[in-house]
Amino acid sequence: MQLSDGWMIFVILAFTMYIVLDGYDLGIGVLTLLDRDDRRRRDMLELVAWTWDGNESWLALIALALWAGVPLVAGIALPALYIVLIPMLWSLIARGVSLELIDEQDGWHPLWGKVFGIGSLAAGFCQGAAFGGLVAGLDVHGGTFAGGPFAFLHHGYAVLTGLTAVALYVLAGAAWVFLKSGGETQLRAARVGRIAVVVLTAGTAASWLLAPVAGPVRLDPGAAARLPIWIVGAVVLAAGLVFALRSFSSDPRGRRSDRAPMFSTLAVYAGGLLLAGGLLYPRLVAPDITVHEAASPHATLLFLTIGAGVFIPFVLSYQAYAYWVFRGKVDVKQEATTA
């Protein structure tokens, strides 16, 4: 295995941690747009307020990993995806500012509450659209992007993947609210979660089937060896969706597992990553830019790998400690009273 392949393990780790952790943050933000009760909106915001900044630190690590480790990819993807990446960054900034302003007061602020929800929705959509543009392929000549500002759309394919990403994040947000809350808030999260499963299933199937039509995606000669990866990924993804739907449904005996939707959502993430990796790797930008072609020199990758090996355990330890401190269900009303 080349060092560039080893560096991609860090890239995949950072990407996975971001979409899993900040994914439920963004999903909860969208959930606040779907609820009209200010008390429940405030309760859901409290589930984000403690950890959102740590979750988004993985986005900075993704940017560092791509810029320093595979600069050719950054040089191609940035000009190709500026039209979605810049709104994504502004959306993340807006939701962060709004979250802090709402957290400084009692109740729910109507203006900043909308900014928080819309910023979450826009950020999730832009991330999915950017991913769709990379999957379908970019117009590259001589190592530079040669297309127009809207070329990444691929006749609407990026819109499809953007909406699918929003559905995934809403599912993750509903699963987290279901785990951490109770009462009517939990019941509403279950109802939204069931709808998100259906929308995500349709969006995932359409995205997979239309990928070869949308752009120059093609399988390399070694694709047959990846068939086991695709089979495992498809099985894990389908099982996650089925169990998510069942776990959000009411148990006639009056018992339900609060953790089941979250574990099911993690299975959906795992299956989707296996399918995407099996389709693309070692390409980072379809159809031709591979990780070995785009990687930095060996000395640079060695330095980055050592640095990541020292730094990442601290990040993981900090986040594990934060989630341990705020483990269990949250009774925001009780907290407000005791404060």
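Report yes if some residue within region 70-91 is outside any helix (DSSP H, G or I) and hydroxyl-bearing (Ser, Thr, Tyr); otherwise report no. No, region 70-91 contains no residue that is outside any helix (DSSP H, G or I) and hydroxyl-bearing (Ser, Thr, Tyr).
Here is a check on your reading of the model: is Thr32 modelled with pLDDT under 85, crowded, with 16+ Cβ neighbours inside 10 Å and within 25 Å of Glu184 (Cα to Cα)? Here the answer is no, as Thr32 does not meet what is asked. Against the definition (among the aromatic types (Phe, Trp, Tyr) and open to solvent by 10 Å² or more (accessible area, probe 1.4 Å)), how does Trp58 come out, yes or no? Against the criterion (among the aromatic types (Phe, Trp, Tyr) and open to solvent by 10 Å² or more (accessible area, probe 1.4 Å)), Trp58 does not qualify.
For region 31-62, the set of residues classified as of a type in the set (S, T, N, Q) and closer than 22 Å to Phe311 by Cβ consists of Thr51, Asn55, Ser57, listed by residue number.
For region 16-29, filtering for residues that are over 8 Å from the mean Cα position of the chain (by Cα) and either at pLDDT below 90 or among the charged types (D, E, K, R) (or both) leaves 1.
To keep it simple, each residue is scored yes or no on (1) surrounded by fewer than 16 Cβ atoms within 10 Å (Cβ to Cβ); (2) at pLDDT 85 or above; (3) under 30 Å from Asp139 (Cα atoms).
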residue: Thr290; (1), (2), (3): no, no, yes
residue: Glu293; (1), (2), (3): no, no, yes
residue: Ser296; (1), (2), (3): no, no, yes
residue: Phe303; (1), (2), (3): yes, yes, no
residue: Ser317; (1), (2), (3): yes, yes, no
residue: Ala322; (1), (2), (3): yes, no, no
residue: Arg327; (1), (2), (3): yes, no, no
residue: Val332; (1), (2), (3): no, no, no
residue: Ala336; (1), (2), (3): yes, no, no
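For region 153-164, check the following and say yes or no: at least one residue is aromatic (Phe, Trp, Tyr) and over 21 Å from the mean Cα position of the chain (by Cα). The answer is no, given that none of the residues of region 153-164 is aromatic (Phe, Trp, Tyr) and over 21 Å from the mean Cα position of the chain (by Cα). When you scan region 209-222, do you find a residue that is open to solvent by less than 40 Å² (accessible area, probe 1.4 Å) and among the β-branched types (Val, Ile, Thr), even just one? The answer is yes; a qualifying residue exists. Only a single criterion out of (1) within 26 Å of Ala276 (Cα to Cα); (2) modelled with pLDDT of 95 or more; (3) open to solvent by 40 Å² or more (accessible area, probe 1.4 Å); (4) among the hydrophobic types (A, V, I, L, M, F, W, C) is not satisfied by Ile118, namely (1).
Exactly one residue out of Leu26, Leu66, Leu61 is assigned to a helix (DSSP H, G or I) and closer than 20 Å to Arg194 by Cα, and it is Leu26. Applying a threshold of 8 Å to beta carbon distances and a minimum spacing of six or more residues, or different chains, the list of pairs starting in region 185-212 at a residue that is over 19 Å from Leu33 (Cβ atoms) and ending at one that is of a type in the set (Val, Ile, Thr) and not in a helix (DSSP H, G or I) reads Ala211/Val217. Residue count for region 184-207 satisfying the condition of being of a type in the set (Gly, Ala, Ser) and within 18 Å of Ser249 (Cβ to Cβ): 4.
Out of Asp53, Asp35, Asp43, Asp5, one residue alone is over 21 Å from Gly128 (Cβ atoms) and not in a helix (DSSP H, G or I). It is Asp35. Among the residues of region 212-235, just one is at pLDDT 80 or above and either aromatic (Phe, Trp, Tyr) or closer than 18 Å to Gly162 by Cβ (or both), namely Trp230.
Checking every residue in region 139-150 against the condition of being open to solvent by 50 Å² or more (accessible area, probe 1.4 Å), modelled with pLDDT of 85 or more and in a helix (DSSP H, G or I) gives zero matches. Taking (1) open to solvent by 30 Å² or more (accessible area, probe 1.4 Å); (2) aromatic (Phe, Trp, Tyr); (3) modelled with pLDDT of 85 or more in turn, Tyr269 satisfies each apart from (1).
Yes or no: Ala130 under 18 Å from Arg283 (Cα atoms), surrounded by 18 or more Cβ atoms within 10 Å (Cβ to Cβ), out of contact with any strand residue (DSSP E or B) (no Cβ under 6 Å at 6 or more places or on another chain) and touching a residue at least 12 places away in the same chain (Cβ under 8 Å)? So Ala130 fits the description; yes.
The values are calculated or read from the model by the stated rules, or taken from the named source; none is laboratory data. Computed from a predicted structure; not experimentally measured. Heads up, the Cβs are rebuilt from the backbone with ideal geometry, glycines too, and the neighbour counts pull from every protein chain shown. Quick note on the areas: whole protein, heavy atoms, side chains included, nothing else; ligands and nucleic acids left out. Shrake-Rupley method; radii C 1.70, N 1.55, O 1.52, S 1.80 Å.
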